[in-house]
Amino acid sequence: MLETQIHAFEMTKEVNAEGFLVLRHHTLVVLQFRNVQNLELSGFSYQNAIFELIFGLEPMFPKGGGPLEGPAPTVITVMIDSSCGLSGKFKCGEAEVLSVEPCDENGIPLTPPS
């Protein structure tokens, strides 16, 4: 099992007084991946900025096989496209969003834990 928390936000085309792009809708997302296979991670550092998280599906048995009836089983493919720091890829049997909560620009939840 692999579990990760990601600070996600929308990057707008607006520019603030300091000349930086305005970021809004800051959100903490916790993802859990089960039955992880072929895990390859690299570049982990103090700042891990993910440019894109890409999900796909592929057949569990690419050369045939599998059940005689019903749909062919698939695995979820995950690619972490890095902007800075962490990148990687893996396959898994299941993926679940465990939580989504608003946060400030520093990743601090806006609601205190209960």
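Derivation of every value follows stated rules applied to the coordinates shown; laboratory data play no part. The structure displayed is predicted, hence computed values, not measured ones. Cβ sites come from the backbone with ideal geometry, for glycine too, and all protein chains shown count toward neighbours.
Sorted fewest first by neighbouring Cβ atoms within 10 angstrom, Leu2, Leu21 come out as Leu21, Leu2. Put a plus charge on the Cβ of each Lys and Arg, a minus charge on the Cβ of each Asp and Glu, and nothing anywhere else: the dipole of the chain about its Cα centre is then about 340 debye. Please check: in the Gaussian network model of the chain (C-alpha springs, under 10 Å), which one of Phe20, Phe90, Phe51 has the largest mean-square fluctuation. Among Phe20, Phe90, Phe51, the largest mean-square fluctuation in the Gaussian network model of the chain belongs to Phe20.
A Förster radius of 35 Å combined with the Cβ-Cβ distance from Gln37 to Lys13 puts the calculated FRET efficiency at roughly 0.35. When Leu86, Leu57 are arranged by Cβ crowding within 10 Å, least crowded first, meaning fewest neighbours, the order is Leu57, Leu86. Placing dummy labels 7 Å off each Cα toward the beta-carbon, the span from Leu2 to Val29 is 1.5 nm. Overall shape: prolate for the range 1-44, with the ratio a/c of the largest to smallest alpha carbon gyration tensor axis at 1.5 or above and a/b above b/c. Summarised as an ellipsoid, the chain has semi-axes of 34, 17, 13 Å, derived from the eigenvalues of the Cα gyration tensor scaled by 5 and square-rooted, with the largest first.
Normalising the average separation of contacting C-alpha pairs (under 8 angstrom, six or more residues apart) by the number of residues puts the relative contact order of the chain at 30 percent.
Amide H to amide H, with H built 1.01 Å from N, Thr74 comes under 5 Å of Met60, counting only residues 5 or more places away or on other chains.
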